[in-house]
1. Can you name every residue in the range 342-379 that is of a type in the set (A, V, I, L, M, F, W, C), within 24 Å of the chain's Cα centre (by Cα) and outside any loop (DSSP other than H, G, I, E, B)?
2. Kindly check whether there is at least one residue in the range 50-57 that is more than 19 Å from HIS273 (Cα to Cα), surrounded by 14 or more Cβ atoms within 10 Å (Cβ to Cβ) and among the charged types (D, E, K, R).
3. Regarding ASN301, is this residue at negative phi, touching a Gly at 6+ places or on another chain (Cβ under 7 Å) and surrounded by 14 or more Cβ atoms within 10 Å (Cβ to Cβ)?
4. Which of the residues belonging to the range 401-429 are in contact with a strand residue (DSSP E or B) (Cβ under 6 Å, 6 or more places away or on another chain) and of a type in the set (Gly, Ala, Ser)?
5. What's the number of the condition GLY521 fails, among (1) in contact with an Asp or Glu (Cβ under 6 Å, 6 or more places away or on another chain); (2) on the phi > 0 side of the Ramachandran plot?
6. When you go through ALA308, ALA300 one by one, which is the residue that is in contact with a helix residue (DSSP H, G or I) (Cβ under 7 Å, 6 or more places away or on another chain) and hydrophobic (A, V, I, L, M, F, W, C)?
7. If you scan the range 488-510, which residues turn out to be of a type outside the set (Ser, Thr, Tyr) and at pLDDT below 95?
8. Search the range 246-269 for residues that are under 12 Å from TYR464 (Cβ atoms) and pair each with any residue that is of a type in the set (Lys, Arg) and outside any strand (DSSP E or B) when their beta-carbon atoms are under 6 Å apart and the residues are at least 6 apart or on different chains.
Amino acid sequence: MKKTLKKLIALAMMLALILSMSVFASADSTTTATAAGLTMRFGDTDTTTYPLTHPEANMRFTEREDGDFNVTYVDGISNYYPDTLAFTISSGASSISSITSSGVTVQPTVRNSETDYEPTTNVQQGFYILYIETASAGTKSCTFNTSTGSVKLYFEVPTFTPSTGSKICAFLPAPGQFTNEGITTGGWGDAYDGTTSHALKGNVATGVSLGYFGGYVVFDMGAIIRGTNNAYVSGGVYNSSTTPYGTDFILYGNAFWNNSEPGCIQVSQDYTHWYDIAGSQYYQGNCVSSTIEYQNPDPANDYSITTATNNAGNKLAVPYTGTNLEGTYTSVATNNFHNHAYFPLNANYFSGRYGHAELSDADTLPFATRTLNSNGITTFLELSGKRIKTKATSELQFGYADVHPNKTLGGTVSYNPYTPNTSSSTWSTISDGTSGGDPIDISWAVNSDGTPAKLDAIRYIRVYTGVEMATPPFGEVSTEVCGISVCSGSGSGSPATPTINVAGQNKTTTNGNIQSIYDLGTSSVSFIVTGTGNIYVNGVSHSSGDTLSFNPSSTGTIVQVIVQNGTAAPYITWLRLYSISED
């Protein structure tokens, strides 16, 4: 029977938890606390459906001499404290008469689903979201008053300066010609530079190559600091409406015109919940959810390589299977230019180096899973993500990495991603005086069903090879990433509100939201957008007043509309067209 590393990790974590609980118990630090008739812990009320994850899994209670509790964060990240915590009172909540606080907002909450929380005024609810003001250092607190007494929780927020740059926090190339190449020398297959300090790469001409479909790099843009009522204060990357064109960060690849190797993008606030950046192909029917499983062609040879080694391993094609794949190929082929193993070797990618933990994080991130043999070698590697069906530069207007050439690697000046560019000369004119690369707007982030994610800021950015293609005899199409920068500058003007007419009737929309329209029937309906500037409907450029048509459905056909004018941020809205009635 195969065992995935995740299963092994789960057993290890269980053992570690038992050991850590004994250690914490000896220091009077525990995962639960009881006082004033209340039994308290961090996490959800239903830990079976919603298992304990970071940061709640890292919170501990330490009883004070006065019977109250200090609450500490024990993940080992210096100068950091979580700003949002799920908190459960599993026993005694019905005795709570009031809640007082200083620097903490305690919101009684009802959970309706995994992503749907409903605030309530009932202090006896038993499930709460704690919003801790981390913008300023110092002691924050909340007190639960009950019929038998009270208990006060103290949260000591350290002094913290948000990261001003970015760093690679995870990297795992899928099988490919640059995988295992340049290891220890700063080549395309390694996230570390070739200097004696072995630093993680920043904005560099020789970045990282992500291999075949699904191979990834993740950037940590710094912790997000929030204040009262969870309001954004600083840190991470802010979803700005004041930068030119509303773009928030620029990804730099190794592209030149008509040689794009497109990477799809995801963003996250917490490293657990990830949102797709809906690029121009997303709603065109050319973007599908795919999973690919690569098979290690020579686990014995992999096992024999015990230290990180450049150009190591036997050169063998890497077989793969999966779901929603192109169907043209069944393996990652080798070529005559790169003579080493194409499957990521254990010593190169699944072992720590230079004082760093292993970088793949394949057993934590939700889009990567491994199967191990008895020697601890990866025999199967499963990667998942959205897959697009084109690599043509002219068809990838916005929302992807390694599509457009760099002008100033590491620069912060964005060009307008909405100005149609279908030729090298047009793009050169559009990008003149800017940093080039691929500007990204966090407002493009969507949930798994294509509805807007409405993120005010993000911390993590994943880039992964978004196509399953090869160009024999030169090898697979592999996204390359050379760096990332946060956009600077200020645009002028306000988002240009369009008029949207569906089936002969003007519809009211709001920027950043989705509007449902019912009773449209099963036949196609007309769809007309009137506005000023650049107009995109489902990622396709249109002129103001063009008559389009869409087919409503019982589940709601999603149509995205973007209107952008001058240097102002865009107006982005979604409509959901239902064939059925709202009832």
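1. Taking the range 342-379 and keeping what is of a type in the set (A, V, I, L, M, F, W, C), we get 343, 345, 347, 350, 357, 359, 362, 365, 367-368, 372, 377.
Checking the rest, the ones that are also within 24 Å of the chain's Cα centre (by Cα) come to 350, 357, 359, 362, 365, 367-368.
Listed by number, the list holds a single entry, ALA368.
2. There is no residue in the range 50-57 that is more than 19 Å from HIS273 (Cα to Cα), surrounded by 14 or more Cβ atoms within 10 Å (Cβ to Cβ) and among the charged types (D, E, K, R).
3. Working: at negative phi: yes; touching a Gly at 6+ places or on another chain (Cβ under 7 Å): yes; surrounded by 14 or more Cβ atoms within 10 Å (Cβ to Cβ): yes.
Yes; evaluated as a whole, the condition is true for this residue.
4. Applying the first criterion (in contact with a strand residue (DSSP E or B) (Cβ under 6 Å, 6 or more places away or on another chain)) to the range 401-429 yields 401-407, 409-410, 412, 414, 417-418, 420.
Scanning the range 401-429 gives ALA401, GLY410, SER414.
5. Failed condition: (1).
6. That would be ALA308, the only listed residue that is in contact with a helix residue (DSSP H, G or I) (Cβ under 7 Å, 6 or more places away or on another chain) and hydrophobic (A, V, I, L, M, F, W, C).
7. GLY489, GLY491, GLY493, PRO495, ALA496
8. Between residues of the range 246-269 that are under 12 Å from TYR464 (Cβ atoms) and residues that are of a type in the set (Lys, Arg) and outside any strand (DSSP E or B), the close pairs are PRO262/LYS391.
The values are calculated or read from the model by the stated rules, or taken from the named source; none is laboratory data. Computed from a predicted model, the values in this text were never measured in an experiment. Glycine gets a Cβ as well: all are built from the backbone with ideal geometry, and neighbour counts include every protein chain shown.
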